[in-house]
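The values are calculated or read from the model by the stated rules, or taken from the named source; none is laboratory data. Remember, it's a predicted structure, so these values are computed and weren't measured experimentally. Here the Cβ positions follow ideal geometry from the backbone for every residue, glycine too, while neighbour counts run over all protein chains shown. These accessible areas exclude ligands, DNA and RNA; they are computed on the full protein's heavy atoms, side chains included. Shrake-Rupley method; radii C 1.70, N 1.55, O 1.52, S 1.80 Å.
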Amino acid sequence: MMLRGLWKLTWIEMKVFLREPLGAFGTIVVPVLIFVVLGRVANLRFGAPSLAAKGLTGADLPVLVALLISVSAVLSLVTIISIYRDGGILKRLRATPLRPQTILGAHVIVKLLLTAATLGLMFLAGKRYFPPGAHVPWFSFTIALLISTWCVLSIGFVIASIVPTARFAQPIGAIVLYPMIAFSGLFVHISNLPPVLRAVARVLPLTYAVRLLRGIWNGEGWVAHLSDVAVLTVMFLLFTAISAKIFRWE
């Protein structure tokens, strides 16, 4: 009964999301466009196909776009939860026989499905930028991104719990999440950051997401990144516990 309710609510939430063209465009299309445009610029600069090169045109470009996909999914979650709270929808859902974990779990499943779909579109759109015969670990990279997104979504629930109204949901979410990308070690190695920023980077989930995604993209095994997966799991449990304490249904 619980599973039936979960999948039914998931299907409803998916339809609600896809009915909003702007939200769907920002979450699904924009990251793919960024990947295609940056890949094209890299090709023009280094000569096609160039995604096997080092730096931004190597693992870092797919990792950057993967992070943008994850953050977009989380911002979408924060926004929709805040809108539902302001409109009294959460309160009405809470009064149904559905359990709270079923209601919130449906949102998580929708965002994870959209994350996987967007990543799939990115791979299809960017196939031309990979050298012929290059081995790209699509499946492992997708799993790594889903693990990373799963963790960051728990932060999204904390943000959604404390934002005053839906109007502030996206800006506050962006202020919290986008700086994490800057200090994640993607652009500047963490060892090169000042001591204070280095300490901050070590408690950010995206730092471990970047290490995981970059390593998997470069063909490293999962065993080499068990610590990253463990840290992301612990952070997920921590932020989930926090959001369970402070989450507001009305």
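Some points to look at:
- Residue within the range 198-221 that is part of a helix (DSSP H, G or I), in contact (Cβ under 8 Å) with a residue 24 or more places away in the chain, surrounded by fewer than 17 Cβ atoms within 10 Å (Cβ to Cβ) and not aliphatic (A, V, I, L, M) present: no
- Within the option set Leu212, Leu232, being modelled with pLDDT of 90 or more, more than 18 Å from Gln101 (Cα to Cα) and touching a His at 6+ places or on another chain (Cβ under 6 Å) holds for one residue only, Leu212.
- Only one of the numbered conditions (1) open to solvent by less than 60 Å² (accessible area, probe 1.4 Å); (2) modelled with pLDDT of 85 or more; (3) farther than 24 Å from Leu104 by Cα is violated by Leu186, and that is (2).
The rows are residues; the columns are (1) at pLDDT 80 or above; (2) more than 14 Å from the chain's Cα centre (by Cα); (3) surrounded by fewer than 19 Cβ atoms within 10 Å (Cβ to Cβ).
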site: Thr79; (1), (2), (3): yes, yes, no
site: Gly88; (1), (2), (3): yes, yes, yes
site: Arg92; (1), (2), (3): yes, yes, yes
site: Pro100; (1), (2), (3): no, yes, yes
site: Ala106; (1), (2), (3): yes, yes, no
site: Ile109; (1), (2), (3): yes, no, yes
site: Leu124; (1), (2), (3): no, yes, yes
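- Test: Leu146 is under 15 Å from Phe236 (Cα atoms) and in contact with a helix residue (DSSP H, G or I) (Cβ under 7 Å, 6 or more places away or on another chain): yes
- The range 226-237: number of residues that are in contact (Cβ under 8 Å) with a residue 60 or more places away in the chain and either surrounded by 15 or more Cβ atoms within 10 Å (Cβ to Cβ) or outside any helix (DSSP H, G or I) (or both): 4
- Out of Leu119, Leu33, Leu9, sole residue that is hydrophobic (A, V, I, L, M, F, W, C), open to solvent by 40 Å² or more (accessible area, probe 1.4 Å), part of a helix (DSSP H, G or I) and at pLDDT 75 or above: Leu33
- Tabulated pairs, the range 92-115, first among the small types (Gly, Ala, Ser), second open to solvent by 30 Å² or more (accessible area, probe 1.4 Å) and in a loop (DSSP other than H, G, I, E, B), C-beta under 9 angstrom, 6+ apart or interchain: Gly105/Arg99; Ala106/Leu98
- Leu56 in contact with a Gly (Cβ under 8 Å, 6 or more places away or on another chain) and either at pLDDT 70 or above or closer than 21 Å to Ser148 by Cβ (or both): no
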